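Take a look at the structure below.
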Amino acid sequence: MDVVRPARPADAEPIAIVHRVTWRLAYRGLLPAAYLRRLRHEPLVARWRDVIAGRGRRDRVWVAERDGGIVGFAESGASDARDLEPGFAGEVYMLYVHPAHQGQGLGRRLLDAALADLEERGFFWAVIGVLERNAPARRFYERAGFVADGARWVDHTGGGQHVVVRYARPLNPLVPDP
Ligand SMILES: CC(C)(COP(=O)(O)OP(=O)(O)OC[C@H]1O[C@@H](n2cnc3c(N)ncnc32)[C@H](O)[C@@H]1OP(=O)(O)O)[C@@H](O)C(=O)NCCC(=O)NCCS
């Protein structure tokens, strides 16, 4: 059975496992190999404990469970994009599904949970930064109604230089339904 729900403190460990496995595969050839090799379990668990506990940027975390095991996660919160009015846009900072469970609807369900929460919190717009060369992810977001909004920047994760493009989608309709 598949369940998508907010993360609990005990989820930090399984999220870290999915994080490491998914990054190593999805970002092979996109992020520096040495950086991907260096991703260690314990620092990732500590990171996820902090995020789930609401420390730092106070993001929210969502998990996808399949038959009781965590196979995907999303992290969302207020966008810190400098060109957007504070409070206007929410952001999905991370969205990953374990390679063995991709293409089976879980990514969309995680995205929907994160977007519904951002909408409920009053954000009008949702943004997502995607590596320009991550073509499958870009297609996934386009399928979910996102469009590239023209913003782009260079990210230095792992010591490299990677172009990130921003995708955006409206949340709360600005014009009420008739
Ligand atoms: C991107 C990712 C989160 C999508 O999750 P997923 O569970 O594989 O996707 P879903 O099965 O929920 O697909 C939802 C929809 O997107 C479409 N889709 C998914 N991946 C696609 C792709 N590569 N190309 C085109 N369409 C795609 C599906 O066909 C489906 O469309 P439908 O609703 O019309 O049937 C997941 O594949 C993943 O973790 N990829 C590797 C990491 C990554 O790049 N994450 C994004 C970082 S920004």
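The values are calculated or read from the model by the stated rules, or taken from the named source; none is laboratory data. No experiment lies behind these values; they were computed from the predicted model shown. So basically every Cβ, Gly included, is an ideal-geometry build from the backbone, and we count neighbours across all protein chains shown. These accessible areas exclude ligands, DNA and RNA; they are computed on the full protein's heavy atoms, side chains included. Shrake-Rupley method; radii C 1.70, N 1.55, O 1.52, S 1.80 Å.
Against the test of being open to solvent by less than 20 Å² (accessible area, probe 1.4 Å) and of a type outside the set (D, E, K, R), the options Ala53, Ala64 yield a single qualifying residue, Ala64.
The single condition from (1) away from the ligand (no atom under 11 Å from the Cβ); (2) at pLDDT 95 or above; (3) over 15 Å from Tyr167 (Cα atoms) that Gly87 fails is (2). Inside the stretch 102-124, can you point out the residues that are part of a loop (DSSP other than H, G, I, E, B) and buried (at least 20 other Cβ atoms within 10 Å of the Cβ)? Listed by number, the list holds a single entry, Phe123. Read through the list (1) within 16 Å of the ligand (Cβ to nearest atom); (2) in contact with a helix residue (DSSP H, G or I) (Cβ under 9 Å, 6 or more places away or on another chain), then give the number of the only condition that Ala53 fails. For Ala53, the exception is condition (1). For the stretch 93-101, does any single residue satisfy the condition of being open to solvent by 20 Å² or more (accessible area, probe 1.4 Å), assigned to a loop (DSSP other than H, G, I, E, B) and modelled with pLDDT of 95 or more? Yes, there is a match, as at least one residue in the stretch 93-101 is open to solvent by 20 Å² or more (accessible area, probe 1.4 Å), assigned to a loop (DSSP other than H, G, I, E, B) and modelled with pLDDT of 95 or more.
With the condition kept exactly as written, say whether any residue in the stretch 14-21 is open to solvent by 20 Å² or more (accessible area, probe 1.4 Å), closer than 25 Å to Gln161 by Cα, within 16 Å of the ligand (Cβ to nearest atom) and without any contact (Cβ under 8 Å) to a residue 60 or more places away in the chain.
Checking the stretch 14-21: at least one residue is open to solvent by 20 Å² or more (accessible area, probe 1.4 Å), closer than 25 Å to Gln161 by Cα, within 16 Å of the ligand (Cβ to nearest atom) and without any contact (Cβ under 8 Å) to a residue 60 or more places away in the chain.
If only residues of the stretch 125-155 that are in a loop (DSSP other than H, G, I, E, B) and either open to solvent by less than 70 Å² (accessible area, probe 1.4 Å) or modelled with pLDDT under 95 (or both) are counted, the one that is farthest from Ala74 (Cα to Cα) is Glu132.
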